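Before any comments, here is the structure.
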Amino acid sequence: MIKKRRMFFRMIFASLMRRRSRMIVALLSIAIGATILSGLVSIYYDVPRQMGAEFRNYGANMILTGRDGSFTNTNIAAAKGVIPSNELVGAAPYRYENVRIREKPVVAAGTDPAGVKATSPYWLINDGEWFEKSGELLVGANIADAFRLKAGDKIEVSYTPESQQAAAADNQVVEDNFREFTISGILKTGGSEEDYVYMPMSDLEELTGISDKIDLTELSVSATSDKLKDYASEIDSVVPAVNASLVKRVTASEATVLTKLQALVLLVTVVVLALTMICVATTMTAVVAERRKEIGLRKAIGASDGSIIKEFMGESMLLGLFGGIIGSVLGYVFAQQVSIHVFSSSISFRPLLVPITIIVSILVTGVSSLMPIRSATDIDPALVLKGE
Amino acid sequence: MSLLELKNVYKIYGELHALDDVSLKVEKGEWVSIMGPSGSGKSTMMNIIGCMDKPTKGEVLLDGVDISKESSKNLTTIRRDKIGLIFQQFHLVNYLTAVENVMLAQYYHSIPDEKEALEALERVGLADRARHLPSQLSGGEQQRVCVARALINYPEIILADEPTGNLDEANEEIVVDLFHKLHDDGTTLIVVTHDPEVAEVAQRTLVLRSGKFSKEIVNENFTGKIRFGDNNPI
Amino acid sequence: MFGRMIRGTLFRQWKKMLMIAFTIALGASLASAMLSVMLDVGDKVNQELKTYGANIKVVPKQSSVVSGLYEVEDGSAGAYLKEDELGKIKTIFWTYNIVDYAPFVNVDAKLSDGSEVTVVGSWFDHFMELPTGEKLNAGMESMRSWWEITSGSWLNEQTSGSVSGQAMVGTELAEKQGLKVGDKFSLTGESSSAEYTVACIFDSGGEEDSQIFIQLDSAQALGGLDGKVDSIEVSALTTPDNELAERAAKEGPTSLTVAQYELWYCTAYASSICWQIQEVITDCVASPVRQVADSEGEILNKTELLMILITILSLIGAALGICNLVTASVMERSQEIGLMKAIGAYNGSVSLLLLTEIFITAIIGGVAGFFAGFGFAQIIGHSVFGSAITLRPMVIPLVAVLVVVVTLIGCIPAIRMLLRLRPTEVLHGR
């Protein structure tokens, strides 16, 4: 029996190796089918995550406010702890104070520059650069227009401490706090942000002399709206000082659009896969149908239908196996390239997809070769050998 | 009992009587030629003897078993066990080497044995070409591989369909010599041909015409070791 | 005789030819489905992204901050937009890309208990007839798709006639004031006061939750701001910004060359639509709302790129499928080809015969596949976006070229084999 099995494989390998060009054709089509399968399926599974990340461009989808006015950094840290760190895209605390520039009142916001960059990626610096260091000021476009400011200018920002505000109201001489800033850039958003100036939180704290006070925190979380609701209620219960609310405009719209995009990729995947699989099947059918004569010969020298089906199916399925393996690798490469080029992030490798791809390609090649093999074995060997 | 016996066999395709009441007896160890022009029913006869087709009417007894009533699955088994086929167009599997083509027959019959297959090739004088693919062999060499494949399972009958039809004279001679050798070893040979030169060397030649045997020529000068009617191989 | 031979193959070997036609049809349908979807996906997704609301905001030239800074009192010239110019927005070059728009006017008013409240006047689904004779509906309803109506329904300016006495109240305010749908309350503005009925309570998840929304003209009457509008929100289908658009936005369209300007003006960039709005509305600044416009661009670009890559992959798949089968089926006929050569056919004439046959088959398969593929695209369009995928004329030549080129490539190995073929080899069964 061992000898028989060895001969079985020897024949299959001979067929695969010595009919190389034909087999490469078949293998190529199976491999491309498997590539499409594994590539599209991994894209399909990764799109929600990747697209979700793209939708974070719309900015914060959760807002934390203090239940009684302001809250502290400790509260934020506790609230942030509720959200898994891989889902938290960014968090930016804001504190608003009335300050004066050239004796005119202006609202200044203290924040974390890096955090804002993550939560509000759509902020455009029209002129100059993003603010990073202490002493740098980001000026809203409207303010910049009004004061004729440009990037690189140095201006003085003054703040009237609470203790002096009574004096200010009485028109007495006030002792303002001063601080000089360099304008790092002009902010353009098309929204109300253009009416503010932004500075690092530490600068505002220094200017006002009051620290650890936050008015609100914007969070950008990469999660579905249901999950966001859970996080919000969890934050409410874990950190009583903080009230978490969702930015409906962002979450509701994201849910609508993202669902459609996923449906789109799903349908495209289904259509492409179905058509590709049929394509692979017809190719396999053609490849096998071509060997009717050989099947006839094998029958003539005494092969039973069963053993012919076994051999040819073995061959097809082996092709399916190789095609599946090549396809899983290429599919992963393709999905990876798509992910890098479209979303500039890498795709996670799904080990389960490898056996699935291989099994599907074996099944498709197997089933599609079975039909022509069957019809060839049904034919009288004499007829086939006579050359039709 | 004869090895092969056809009793009043008919093969009818619509109006055409490809075989029309044919009877034939072939004894064990005999070498018989069936000759006839195209359309005389040679191929039909060959297919029926080779268990690749069934008669419309009549009995075909192979080793005492009537194969005309067998299912096609059983016919395959009988063909595998009892008959070695040699074709005009050789019909080798083109991606298998000579020895592998021989082993293919072993494989379907029982168990492939490379050593035995090589010996068979040696017998047809192709020991040194065993690892070549059919495309690397000449026509004569391919036909000899075909002969080796036919005899590897020690069939009761070797059935050759125009074995020299595609060969030049030199190769024809080699194949005929091989037949002599096979005959000397006790193999029953049925050679279907329209080439009188090939037919004549057999012990007897049956001439088929319009589905009927019109003539039987017994070769008086037969040079083989086994004579007509002699049932005992050496 | 040539025609006869071709007919012979097509009709007598119809099974094999059908198989080739089928595979070509498959490939062509894959290609046309993917190309149609790919070319239309931008518009479709763009349409979907409109749920994020307006992407262009139009405000008076002298913004409130500036007037605040220089202590200019309210009511001075130029601080408001003119209501009678609103229709002009639908007269700009890219008018068909403007999906919806609505004016807003903010009025401070007092409720009967003396508490201050912001009242916003706007259009809900305002009907207008332009001087050009065009009729249109515009309003904020489609631009606030995320609003959750907790009770009641959106104000309907058209069916219920005048809704000037009705109001939409934010959920926070309604809770605080204990207002329910159907309740009446009075508002006192700067110049007049009136009584309103709560028609709807909404939850916006934003600052609007503590505001009251009423019809534009009644808000104007309340604040004594007849014919004046604070801002206009415009929802437009835009093309994602590229380098040109960015430069135009940054340095102003005057920095472009004439050719560049024309290209920019005639492309639906957010910045060029803004520019065109500024041309028709006096003393206004129209600027893209970057949160919406920029994100829209990102998502559109990503989706389109994703679809392009998937399309390329499926085109490769389709091409290989067709190629393989054509090669296989021609090779299969080597015997017949050998015979033809044996009886004296030249390589050229055999190749021509073969090519003609395959191409007739390819045309049949390609046409069938094109329609099937367009059907697939419609399935995708209807089930995902609820609307048909537009047939881009560009798809037809693309699919045609693909089918022809791929079939030709598929024939090359077969033809090469054919040229090498020696008749004897074939006829003697190699």
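Using a 1.4 Å probe and counting only protein heavy atoms, arrange C:THR150, C:THR239, A:THR269 so the residue with the most accessible area comes first.
Correct descending sequence by accessible area is C:THR150, C:THR239, A:THR269.
Keeping every protein chain in place, order A:ARG18, A:ARG49 by accessible area at 1.4 Å, biggest value first, i.e. largest first.
Values: A:ARG18 100, A:ARG49 125 Å².
These residues rank, largest area first, as A:ARG49, A:ARG18.
Please report, in debye to the nearest 20, how large the charge dipole of the protein assembly as shown is about its Cα centre when each Lys and Arg carries +1 at its beta carbon and each Asp and Glu carries -1 there.
Numbers: 94 positive and 124 negative charges, 1404 e Å.
Magnitude of the dipole: close to 6740 debye.
Please check: in the Gaussian network model of chain A (C-alpha springs, under 10 Å), which one of A:LEU275, A:LEU88, A:LEU37 has the largest mean-square fluctuation.
Maximum fluctuation in the GNM of chain A, among the listed residues, is at A:LEU275.
On the Cα set of the stretch C:169-316, report Rg and Dmax in Å, please.
For the stretch C:169-316, the Cα radius of gyration and maximum Cα-Cα distance read 22.3, 70 Å.
Let a ≥ b ≥ c be the square roots of the eigenvalues of the Cα gyration tensor of the stretch C:255-372; is it rounded (a/c under 1.5), or, if not, prolate (a/b larger than b/c) or oblate?
Details: a/c = 5.08, a/b = 3.26, b/c = 1.56.
Note, shape of the stretch C:255-372 comes out prolate.
Could you compute Rg(Cα) / (2.2 N^0.38 Å) for the stretch A:60-246, with N its residue count?
Normalised Cα radius of gyration, the stretch A:60-246: 1.09.
Using only the Cα atoms, work out Rg/Rh for the stretch A:274-388, with Rh taken as the Kirkwood radius, to two decimals.
So for the stretch A:274-388, dividing Rg by the Kirkwood Rh gives 1.17.
Using only atoms on other chains, find how many Cβ atoms lie within 10 Å of each Cβ of peptide C:283-293 and report the average.
Partner Cβ neighbours, averaged per residue: 5.
So which lysines pass the test for B:LYS215, namely a Cα distance under 30 Å, with those fewer than 8 places away in the same chain ruled out?
A:LYS386, B:LYS7, B:LYS11, B:LYS25, B:LYS28, B:LYS42, B:LYS54, B:LYS57, B:LYS69, B:LYS82, B:LYS181, B:LYS225
Going highest first, how would you order C:167-178, C:210-221, A:174-185, C:383-394 by mean Cβ packing within 10 Å? Please report the intermediate quantities before stating the final value.
Numbers: C:167-178: 19.9, C:210-221: 22.7, A:174-185: 17.3, C:383-394: 14.6.
Top to bottom by mean Cβ count within 10 Å: C:210-221, C:167-178, A:174-185, C:383-394.
When all alpha-carbon pairs of the stretch A:1-137 are counted, what percent fall beyond 26 Å?
57 percent
Could you point to the residue in C:VAL384, C:TRP146, C:PRO103 farthest towards the positive end of chain C's charge dipole, with +1 and -1 charges on the Cβ of Lys/Arg and Asp/Glu respectively?
Most positive-ward Cα: C:VAL384.
Quick one: Cα centre-to-centre distance for the stretch A:53-101 and the stretch C:314-388, in angstrom?
Here the answer is 59 Å between Cα centres.
From other protein chains only, count the Cβ atoms within 10 Å of every residue's Cβ in B:68-81, then give the mean. Walk me through the numbers before you get to the answer.
Numbers: counts 0, 0, 0, 0, 6, 3, 0, 2, 12, 2, 1, 6, 6, 1.
Other-chain Cβ atoms within 10 Å of each residue's Cβ, averaged: 3.
Just need the Rg to Rh number for chain C, please, alpha carbons only, Kirkwood Rh.
The Rg/Rh ratio comes out at 1.23.
Ignoring solvent entirely, what values of log10 I(q)/I(0) come out of the Debye formula for the stretch B:1-90 at 0.16 Å⁻¹ when each Cα is a single scatterer?
So the normalised log intensities work out to -0.64.
What does the accessible area of A:ASP212 come to, in Å² to the nearest 10, when a probe of 1.4 Å is used?
Number for this one is 60 Å².
Provide the percentage of antiparallel DSSP beta bridges, counting only those with both residues in the protein assembly as shown; round to the nearest 5.
70 percent
Mind ranking C:289-296, A:106-113 by how tightly packed they are, going by the mean number of other C-beta atoms within 10 angstrom, highest first?
Top of the packing list down: C:289-296, A:106-113.
Only Cα pairs under 8 Å and at least 6 apart count here; give the relative contact order of chain B as a rounded whole percent.
Taking the mean separation of contacting Cα pairs over the length of chain B, I get 28 percent.
Under a no-solvent Debye model with one identical scatterer per Cα of the protein assembly as shown, what's log10 I(q)/I(0) at q = 0.05, 0.10 Å⁻¹?
The Cα Debye sum returns log10 ratios of -0.53, -1.19.
Enter the Cα centre distance for the pair the stretch B:80-146 and the stretch A:37-52, rounded to the nearest angstrom.
Going from one Cα centre to the other spans 53 Å.
Using bins 10 angstrom wide from zero, how does P(r) for chain B break down, in % of all Cα pairs?
8, 33, 37, 19, 2, 0
Once the mean 1/r over all distinct Cα pairs of chain A is inverted, what Kirkwood radius in angstroms do you read off?
26.3 Å
Restricting the count to DSSP beta bridges whose residues both fall in the stretch A:60-246, what percent are antiparallel, rounded to a multiple of 5?
Working: 39 of 49 bridges.
So the antiparallel bridges in the stretch A:60-246 amount to around 80 percent.
When the convex hull of the Cα atoms of the stretch C:266-323 is projected onto a plane and the area is averaged over all directions, what value comes out in nm²?
Result: 5.5 nm².
Excluding residues fewer than 8 places away in the same chain, name every one of the lysines whose C-alpha is closer than 22 Å to that of C:LYS57.
A:LYS188, A:LYS248, C:LYS82, C:LYS88, C:LYS90, C:LYS228, C:LYS250
The values are calculated or read from the model by the stated rules, or taken from the named source; none is laboratory data. From a predicted model like this one, the values you see are computed outputs, not experimental measurements. So basically every Cβ, Gly included, is an ideal-geometry build from the backbone, and we count neighbours across all protein chains shown. What goes into the accessible areas is simple: the full protein's heavy atoms, side chains included, and nothing from ligands, DNA or RNA. Shrake-Rupley method; radii C 1.70, N 1.55, O 1.52, S 1.80 Å.
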